Amino acid sequence: FPVRPPVEPQAKRPIFDLNKADTSALKTINGLGEKLSIRIVKYRDILGGFVSFDQLKDVFGLDSLVIKRLVEASFIDSEFAPVKLDINRATEKELSAHPYLNKIAKVIVSYRFQHGDFKDAEDIRNVVKLDEKNFKRILPYIGVKEDSN
């Protein structure tokens with residue numbers, strides 16, 4: 001029998017930043033084509049960036065195997081700060097555009113109209129009954145800008 005040369009270990013795919021990846025980088029993942037790659041980028045942009053890989057479960061059409069591959073091939077920078085919406089200045093339309101705020105946007109704006117500005121982002125708990133999981137999900141994406149006097 002002929003002796004086969006040892007098999008070279010497969011080169012590791014370069015790891016990319018999930019919040020900076022374009023559709024070309026995403027399409028290097030087995031199971032991600034053009035449509036799903038575009039869907040991930042659009043969702044990331046609407047969201048304000050990913051703070052957790054769990055958020056990939058919210059992208060329509062991504063199955064658990066593809067998510068697992070994405071987690072293995074990418075990272076979320078620990079210094080990453082998502083885009084925050086100022087809950088004192090954002091319009092109902094702007095708040096509604098965010099996937100985590102769309103159901104409570106009207107309530108936030110009504111509260112603000114009746115009671116004045118929020119002191120900090122955590123005051124959102126005074127407005128809407130949120131369980132801890134949903135509160136923690138929303139918090140990275142909301143903020144209150146200090147007035148510059």
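The values are calculated or read from the model by the stated rules, or taken from the named source; none is laboratory data. Remember, predicted model here, so these are calculated numbers, not experimental data. Note: ideal-geometry Cβ built from the backbone for every residue, glycine included; neighbour counts use all protein chains shown. For accessibility, only protein heavy atoms count, side chains too; no ligands or nucleic acids. Shrake-Rupley method; radii C 1.70, N 1.55, O 1.52, S 1.80 Å.
Maximal additional length on extending the His115-Val71 stretch stands at 11.6 nm, based on 0.36 nm per residue less the C-alpha distance. Taking every alpha-carbon pair in the chain and binning the separations at 5 Å intervals from zero gives 1, 8, 16, 18, 14, 12, 10, 8, 5, 3, 2, 1, 1, 1, 1, 0, 0 percent.
Of Gly33, Gly49, Gly116, the residue with the greatest mean-square motion in the GNM of the chain, using alpha carbon springs below 10 Å, is Gly116. Shown here for the stretch 50-149: GluC sites (Glu not before Pro) in loop regions (DSSP other than H, G, I, E, B) with at most 16 other Cβ atoms within 10 Å, namely Glu79, Glu146. Only Lys, Arg, Asp and Glu carry charge here, each on its Cβ (+1 for the first two, -1 for the last two); on that basis the chain has a dipole of about 540 debye about its Cα centre. The helix-only estimate of mean residue ellipticity at 222 nm for the chain, built from DSSP H runs of length n ≥ 4 each weighted as -39500 (n - 2.57), is -9500 deg cm²/dmol after division by the residue total.
If you run the Gaussian network model on the chain, springs between alpha carbon atoms under 10 Å, then out of Lys68, Lys133, Lys103 the most flexible one is Lys133.
Rolling a 1.4 Å probe over the protein heavy atoms gives the chain an accessible area of 69 Å² per residue. If you take the square roots of the eigenvalues of the alpha-carbon gyration tensor of the stretch 87-139 and sort them as a ≥ b ≥ c, do you get rounded (a/c under 1.5), prolate (a/b over b/c) or oblate? The shape class here is oblate.
Given a 1.4 Å probe and every protein chain left where it sits, what share in percent of the accessible area of the chain is carbon and sulfur?
Ligands and nucleic acids excluded, carbon and sulfur reach 54 percent.
With all pairs of different C-alpha atoms in the average, the Kirkwood value for the hydrodynamic radius of the stretch 69-111 is 12.3 Å.
For the chain, which longest stretch is free of loop sites, where a loop site is one of the chymotrypsin sites (Phe, Trp or Tyr not before Pro) that DSSP puts outside H, G, I, E and B and that has at most 16 other Cβ atoms within 10 Å?
81-149
Centre-to-centre separation between the Cα atoms of the stretch 91-124 and those of the stretch 19-55: 27 Å. Taking other residues whose beta carbon is less than 12 angstrom from the beta carbon of Phe75, and scoring Lys, Arg as +1 and Asp, Glu as -1, yields -3.
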